Structures are given as C-alpha cells and as structure tokens.
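The values are calculated or read from the model by the stated rules, or taken from the named source; none is laboratory data. Keep in mind that this is a model prediction, so the values were computed, not measured. Note that each Cβ is placed from the backbone with ideal geometry, even for glycine, and that neighbours are counted across all protein chains shown.
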Amino acid sequence: MIEKSSNPFLSIDPIGEYKKKDVEQLPLIKPKPKEKFDVTQLVVYLVGLSDGLTHLASLAIYYLFKDHYRLTPYQISLILMCPYIPFILKPVIALISDSFTIFGMRRKPYLFLFGIFQSLNFLSLAFLNLSVLQVTLNLFFISLCASFCTTVAEALVVESSMGKTNAQGTNRITEFIASKAIGSLSVAYFSGYFLEKISREYIFLATSFFPLIISISCLFLKEKPYATNKNIFNQLKDLLKFINSPIFLGPFLYIFIYMSGPDYDDAFFFFCTNKLGFRPSFMGTLRLTYSIASLLGIIFYRLYLKNFSLKKTLIITTLLSFPIYISPIILTEQINKFFNISNELFVLSGGFLIEAITEIQLLPLFILTANVCQPGLEASVFATILSIKNLGSLTKKGTSSLLTYMMAIDSYNFDHLSLYIFICGLFLLSSLLCVPFLPSEENIENFKDKKQLLS
C-alpha cells in the first residue's frame, strides 16, 4: 500500500532516496475541497417530500365526496376546481415573498407559518363534522398553504440555479420535482390500503403531521437578512417587463393549451370503482404505479433527453402520448377481454405510461424558465409558468365537468365514456398547434446573452 506523503512533490524514481535530486518531480494534484453540506437544498427537498406525502389523503377526499356526500362525477370535477385557485395565484404569492420580508427574511417565515396552517386544516378534516361547502373551503386553504410553501421552495431552487450551466440547473430542478414524486410514491399504496383498514378521519390525522416537516426543517435554513428598495408594484412592473418576450409567450401558450382540455380522470374513477368494482386498495396500487412512472419520467429525461431541443422533446412526447392516453377505450369497450388481459393489468400499464410522459413534457419548460431568470424575481418568474400550468388545470376541471354533464355520464351511466375519452385525446393533440411559437435554441441562447450583458 502506498502511503500519503507530506511532501508536496512525488518522485517517480523507483530506485532510492539518494537520486531524488536528479529525477523529474511531479506536483501532486490537490484534492478538491469537500462541498459543504447544503442546508438550503435539504429544506427544498423536504418541502417537495412533504408536498408529495400529503397525497396520502387524496383518495380519502375522493371517497369522502363519492360515498359520504353522494356526489356525481361532474359535481366532483366542479368542486375540485377550487383547490387549483391558490396555485393560479402563485405569481402573486411569489411577489409577496419577494417583496415583503418578515424580520428581514423572505423565505423562512413563510415556510414556518404556512406549514403549521396546512397541518391545522388537515386536523379540521379529521375532527370536525363539515358540510360540502366547508370541506371545499378547507381544501382551498390546504392548497393555499401548499402553494406558498412550494413557491418559496421553487424560489430557492431558482436562486441556486442562477449562474449555473444548463445541466446543473436541470439537475437541481429535477431533484426538487423528484422529491415530490418520492413523497407521493411513499404513500401512494397506503392511500388506498388504509381506507379498507381505518376510517378517513385517521388518514387525515396522519396526513396533518407531514406539513410540520416543513415548519421544523426551515428553522435550520440560514437566510441572510434581505433589504429591497422595491415595493410590490415595482416588482410586478419588472416581472411583466421580463416575461413580455416571445421566448416566454410560446411556452406559456403551449402549457395552457396542453393542460386546459377536458380530462376523463374523475369519470374514469367512477367507472373503475362502480362498474369494474376496483377496491380502494387497488386504487392505491394504481396511484403507486403513477408515482413510480412520474419518478422514472424525471430520471429518463435527466439521463437521455435534457440535451434535446425543446420543440423536439414536446413533439415526440405528445405524439407518443396520444395512443396511450386514449387506451382506456379498450377497457371501456372490453376489447382487452378478447386478448385475455385483465382489467387491473390494463389500467396499471396504461396509466403508468401516461404519467411518465407527462413529466417528460413539462420538465424542459420549467428548466427553460429557471435558466433565464432575472435576479430579484426568482420566485415570481418560476411561479408564473407554474400558475399558467395550474390555470390550465383549473380550466381542465371546468371543461371536464361541463363535458361530463353534457354527455350524461354519472355515477353508473358510462354509455358515452369511450367517446368522451377520445374527445379528451383530441384536445391533447391540439397543443401541437402551439409548437411553431416555441423558441428555438438559438433564440434561447441569445436571450441569455442579452440578459447577462444587462445584469
């Protein structure tokens, strides 16, 4: 074994010490300094993890509306529009975080307060006898807290990505999104399994502990006191000026069109539970496969697609997603029985692929936004693109509710479900009309160079 020498030079003479002066000497390569433990990144990951873990209550909420309040698919779609509203307000939340400091800090106080508030809202679901309206308001406040916490975490991600290479920025963003997927993956199966073993109230009680992870971990966040001379109106002016560029308008339009078309999820949930007789434990297994697919989609993008152009990635994934997206028609028309494929296996495989492709499609748009962000608007710029996505999701719930009602699909009537699924698929393809408006790689690089010259 060769021992480490305290000598700053290493002799290559194998004969002996007496010839050291006559031989060539090579300087040792200094070892790279060990990277300091990044508390900020840990807090960011824990925010994402907590956000994913709260999905433990998602199936319980669906069954609460379906079995306890006896609501129909279009009514549930209509109600579930409300939790999306706070996520549309992300730019406003980001401007508040960027502009209003608490004790000179822009991040830590918001994480602490809204983590506790979210926990209290889950506790109210567990212990209070609420009406449909009260539950809807409760879900709104839970989403508001989640929106605040994730917006602040996203700002921290963007801050740490600024000045990095595209690959480094991609890694940080995908790691944050992956932490959400890991959290969701950890509880996906149990979200259904526990519904068969314990009451919904105990599930809400268990979920209330997860937001406290944020409140506790943020106490270790080392945030320097921040002073800004800009008020919220100046910040808003800067934000509008920054995003009023063709490089952003194309991605914004694509995301909105892609997300806003009707979706068959709520109607298909009733079909699986009421028509096919899937138990809560299997619905939990279904969510588990979706979470795995989401995580694998992130990994696949990071390994193979992060160097692909934005347009190429979106065109390929959209065309691939269409036949997979409408594949439940095979189930609703019972074509799978002809090939002796069980209902359960078919649902698991189709949903798995859809979830993975969705993650791959949206990642490059988030990364583009983070890499060209302007200092001082970290939370606002990233939140804007996410709010466009969530505005599309809100619109999706509205169009889904309307189309479900118009096609007379309810808790037990699924006569037009196959046609409904196909129409949803056509709306998915319509996003390709926005591809010509997406920026080229040359335009993106020119925008980055211009931003660096002005900064």
Revision key, fill the gap. Selection over the stretch 102-125 where residues are touching a residue at least 24 places away in the same chain (Cβ under 8 Å) and under 11 Å from residue 141 (Cβ atoms) yields a count of 7
Point to revise | Residue in the stretch 196-215 that is farthest from residue 121 (Cα to Cα), counting only those that are touching a Ser or Thr at 6+ places or on another chain (Cβ under 6 Å) and of a type outside the set (Phe, Trp, Tyr) | key: 196
Check your understanding: Counting only residues that are within 17 Å of residue 319 (Cα to Cα) and touching a Lys or Arg at 6+ places or on another chain (Cβ under 8 Å), which one in the stretch 430-445 is surrounded by the fewest Cβ atoms within 10 Å (Cβ to Cβ)?
Key -> 435
Check your understanding: Would the stretch 435-452 turn up any residue that is modelled with pLDDT of 75 or more and among the β-branched types (Val, Ile, Thr)?
Key -> yes
Point to revise | Looking only at the stretch 101-118, and only at residues there that are assigned to a helix (DSSP H, G or I) and over 21 Å from residue 158 (Cβ atoms), the one that is nearest to the chain's Cα centre (by Cα) | key: 118
